[in-house]
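Enquirer: I'd like to ask you about the structure that follows.
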Amino acid sequence: MVDSVFGNLDKEATKEAFKEYLREWKKYKLKAMQRFPGLQSPSMDGQPNDGTPHDPDQKFVNHAEAVFQYKTRIECCKVLMSVGEEEEILGDILLHRFIKNWSAIRTMNYINEQYNTYMDDRQYRRLQDQALWEGALMCPDDSVRIMK
(Lines give C-alpha, C1' and ligand atoms only; values in the text may rest on other atoms or scores of the structure.)
Protein backbone atom coordinates (compact mmCIF):
# COMPACT_ATOMS: atom_id res chain seq x y z
CA MET A 1 0.00 0.00 0.00
CA VAL A 2 1.57 3.29 -1.12
CA ASP A 3 0.87 6.16 1.23
CA SER A 4 1.98 9.75 0.87
CA VAL A 5 3.02 9.89 4.54
CA PHE A 6 4.34 6.40 5.32
CA GLY A 7 5.47 5.23 1.89
CA ASN A 8 5.19 1.72 0.48
CA LEU A 9 4.20 -0.42 3.48
CA ASP A 10 3.61 -4.15 3.54
CA LYS A 11 0.25 -4.22 5.31
CA GLU A 12 0.29 -7.84 6.52
CA ALA A 13 3.90 -7.75 7.71
CA THR A 14 3.28 -4.44 9.46
CA LYS A 15 0.25 -5.82 11.31
CA GLU A 16 2.23 -8.89 12.41
CA ALA A 17 5.16 -6.74 13.57
CA PHE A 18 2.83 -4.50 15.58
CA LYS A 19 1.12 -7.53 17.12
CA GLU A 20 4.51 -8.79 18.33
CA TYR A 21 5.41 -5.29 19.50
CA LEU A 22 2.32 -5.20 21.73
CA ARG A 23 2.86 -8.73 23.04
CA GLU A 24 6.37 -7.78 24.23
CA TRP A 25 4.65 -5.58 26.83
CA LYS A 26 4.76 -8.30 29.46
CA LYS A 27 8.52 -8.82 29.18
CA TYR A 28 9.17 -5.13 29.75
CA LYS A 29 6.64 -4.96 32.59
CA LEU A 30 8.34 -7.86 34.36
CA LYS A 31 11.75 -6.29 33.81
CA ALA A 32 10.48 -2.98 35.23
CA MET A 33 8.99 -4.76 38.25
CA GLN A 34 12.32 -6.23 39.25
CA ARG A 35 13.68 -4.63 42.34
CA PHE A 36 14.61 -1.07 41.52
CA PRO A 37 18.38 -0.88 41.23
CA GLY A 38 19.75 0.39 44.50
CA LEU A 39 23.07 1.54 45.75
CA GLN A 40 24.70 0.33 48.91
CA SER A 41 27.02 2.18 51.18
CA PRO A 42 30.26 3.53 49.75
CA SER A 43 33.11 1.08 49.21
CA MET A 44 36.72 1.67 50.13
CA ASP A 45 37.35 3.78 47.03
CA GLY A 46 34.54 6.14 48.03
CA GLN A 47 32.31 5.29 45.06
CA PRO A 48 28.82 3.83 45.54
CA ASN A 49 28.72 0.12 44.77
CA ASP A 50 25.90 -2.39 44.83
CA GLY A 51 28.22 -5.38 44.88
CA THR A 52 27.97 -6.23 41.18
CA PRO A 53 30.72 -5.77 38.62
CA HIS A 54 28.31 -3.94 36.30
CA ASP A 55 28.22 -0.25 35.64
CA PRO A 56 25.73 1.08 38.23
CA ASP A 57 24.47 3.73 35.84
CA GLN A 58 23.52 1.03 33.33
CA LYS A 59 21.17 -0.56 35.87
CA PHE A 60 19.25 2.70 36.14
CA VAL A 61 19.18 3.08 32.36
CA ASN A 62 17.92 -0.49 31.87
CA HIS A 63 15.18 0.02 34.46
CA ALA A 64 14.08 3.33 32.94
CA GLU A 65 14.09 1.80 29.44
CA ALA A 66 11.89 -1.12 30.58
CA VAL A 67 9.40 1.27 32.20
CA PHE A 68 9.34 3.45 29.08
CA GLN A 69 8.82 0.46 26.77
CA TYR A 70 5.87 -1.06 28.62
CA LYS A 71 4.16 2.29 29.14
CA THR A 72 4.61 3.17 25.45
CA ARG A 73 2.78 0.01 24.42
CA ILE A 74 -0.16 0.84 26.67
CA GLU A 75 -0.20 4.43 25.42
CA CYS A 76 -0.44 3.18 21.81
CA CYS A 77 -3.81 1.64 22.71
CA LYS A 78 -5.00 4.63 24.73
CA VAL A 79 -4.06 7.14 22.03
CA LEU A 80 -5.93 5.11 19.42
CA MET A 81 -8.98 5.14 21.74
CA SER A 82 -8.83 8.93 21.91
CA VAL A 83 -8.88 9.51 18.14
CA GLY A 84 -12.65 9.14 17.76
CA GLU A 85 -15.70 7.06 18.59
CA GLU A 86 -14.98 4.31 16.07
CA GLU A 87 -11.33 4.12 17.10
CA GLU A 88 -12.28 3.76 20.76
CA ILE A 89 -13.39 0.20 20.05
CA LEU A 90 -10.18 -0.43 18.10
CA GLY A 91 -8.01 0.73 21.00
CA ASP A 92 -10.01 -1.42 23.40
CA ILE A 93 -9.52 -4.46 21.16
CA LEU A 94 -5.75 -3.92 21.14
CA LEU A 95 -5.60 -3.32 24.89
CA HIS A 96 -7.58 -6.39 25.87
CA ARG A 97 -6.45 -8.80 23.16
CA PHE A 98 -2.71 -8.11 23.08
CA ILE A 99 -1.81 -6.24 26.28
CA LYS A 100 -4.09 -8.11 28.70
CA ASN A 101 -3.68 -11.24 26.55
CA TRP A 102 -7.37 -12.11 26.53
CA SER A 103 -8.71 -14.65 24.07
CA ALA A 104 -10.48 -13.42 20.95
CA ILE A 105 -13.85 -14.69 22.24
CA ARG A 106 -13.43 -13.02 25.62
CA THR A 107 -12.38 -9.75 23.98
CA MET A 108 -15.30 -9.90 21.55
CA ASN A 109 -17.77 -10.54 24.39
CA TYR A 110 -16.27 -7.66 26.38
CA ILE A 111 -16.61 -5.27 23.42
CA ASN A 112 -20.21 -6.38 22.83
CA GLU A 113 -21.07 -5.80 26.48
CA GLN A 114 -19.04 -2.61 26.99
CA TYR A 115 -20.32 -0.82 23.88
CA ASN A 116 -23.81 -2.33 23.92
CA THR A 117 -23.37 -3.68 20.43
CA TYR A 118 -23.34 -7.00 18.67
CA MET A 119 -20.49 -8.17 16.54
CA ASP A 120 -19.95 -11.64 15.24
CA ASP A 121 -16.61 -13.37 14.85
CA ARG A 122 -16.13 -12.12 11.30
CA GLN A 123 -16.74 -8.49 12.20
CA TYR A 124 -14.48 -8.83 15.25
CA ARG A 125 -11.61 -10.17 13.08
CA ARG A 126 -12.10 -7.32 10.63
CA LEU A 127 -11.99 -4.74 13.43
CA GLN A 128 -8.94 -6.40 14.99
CA ASP A 129 -7.12 -6.19 11.64
CA GLN A 130 -8.13 -2.55 11.32
CA ALA A 131 -6.95 -1.88 14.89
CA LEU A 132 -3.57 -3.49 14.23
CA TRP A 133 -3.12 -1.47 11.04
CA GLU A 134 -4.13 1.88 12.52
CA GLY A 135 -2.17 1.19 15.70
CA ALA A 136 0.96 0.40 13.70
CA LEU A 137 0.62 3.64 11.73
CA MET A 138 0.53 5.78 14.87
CA CYS A 139 3.08 3.76 16.87
CA PRO A 140 6.16 5.82 17.83
CA ASP A 141 8.47 2.87 17.07
CA ASP A 142 9.32 2.93 13.35
CA SER A 143 10.45 -0.71 13.41
CA VAL A 144 6.82 -1.94 13.35
CA ARG A 145 6.22 -0.38 9.92
CA ILE A 146 7.62 -2.84 7.38
CA MET A 147 8.41 -1.56 3.90
CA LYS A 148 7.81 -3.66 0.79
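The values are calculated or read from the model by the stated rules, or taken from the named source; none is laboratory data. Quantities reported herein were computed from a predicted structural model and do not represent experimental measurements. Counting neighbours? That spans all protein chains shown, and the Cβs are built from the backbone with ideal geometry, glycine included.
Enquirer: Test K71 against the stated conditions and say whether it is over 22 Å from the mean Cα position of the chain (by Cα) and at pLDDT 75 or above.
Expert: Here the answer is no, as K71 does not meet what is asked.
Enquirer: Another question, if that's okay. For residues that are surrounded by 15 or more Cβ atoms within 10 Å (Cβ to Cβ) and among the aliphatic types (A, V, I, L, M), scanning just segment 14-35, find the one that is modelled with the lowest pLDDT.
Expert: The extreme case among them is A32.
Enquirer: So which pairs qualify, if the first residue must be in segment 106-128 and free of Cβ contacts under 8 Å to residues at least 12 places away in the same chain, the second must be among the polar types (S, T, N, Q) and surrounded by 13 or more Cβ atoms within 10 Å (Cβ to Cβ), the Cβ gap must be under 9 Å, and the two must be at least 6 apart or on different chains?
Expert: Y118/N112; M119/N112
Enquirer: Still on this structure: Evaluate segment 139-148: report whether one residue or more is of a type outside the set (A, V, I, L, M, F, W, C), exposed (fewer than 14 other Cβ atoms within 10 Å of the Cβ) and under 14 Å from C77 (Cβ atoms).
Expert: There is at least one residue in segment 139-148 that is of a type outside the set (A, V, I, L, M, F, W, C), exposed (fewer than 14 other Cβ atoms within 10 Å of the Cβ) and under 14 Å from C77 (Cβ atoms).
Enquirer: Name the single residue that is modelled with the highest pLDDT among those in segment 81-105 being exposed (fewer than 13 other Cβ atoms within 10 Å of the Cβ) and not in a loop (DSSP other than H, G, I, E, B).
Expert: By that ranking, first place goes to I105.
Enquirer: Restricting attention to segment 119-137, which residues are charged (D, E, K, R) and out of contact with any Asp or Glu (no Cβ under 9 Å at 6 or more places or on another chain)? Let's see the steps before the verdict.
Expert: So in segment 119-137, the residues charged (D, E, K, R) come out as 120-122, 125-126, 129, 134.
D120, D121, R122, R125, R126, D129 - these are the residues of segment 119-137 that are charged (D, E, K, R) and out of contact with any Asp or Glu (no Cβ under 9 Å at 6 or more places or on another chain).
Enquirer: Against the definition (buried (at least 20 other Cβ atoms within 10 Å of the Cβ), within 19 Å of the chain's Cα centre (by Cα) and in contact (Cβ under 8 Å) with a residue 24 or more places away in the chain), how does L132 come out, yes or no?
Expert: When the stated conditions are applied, L132 passes them.
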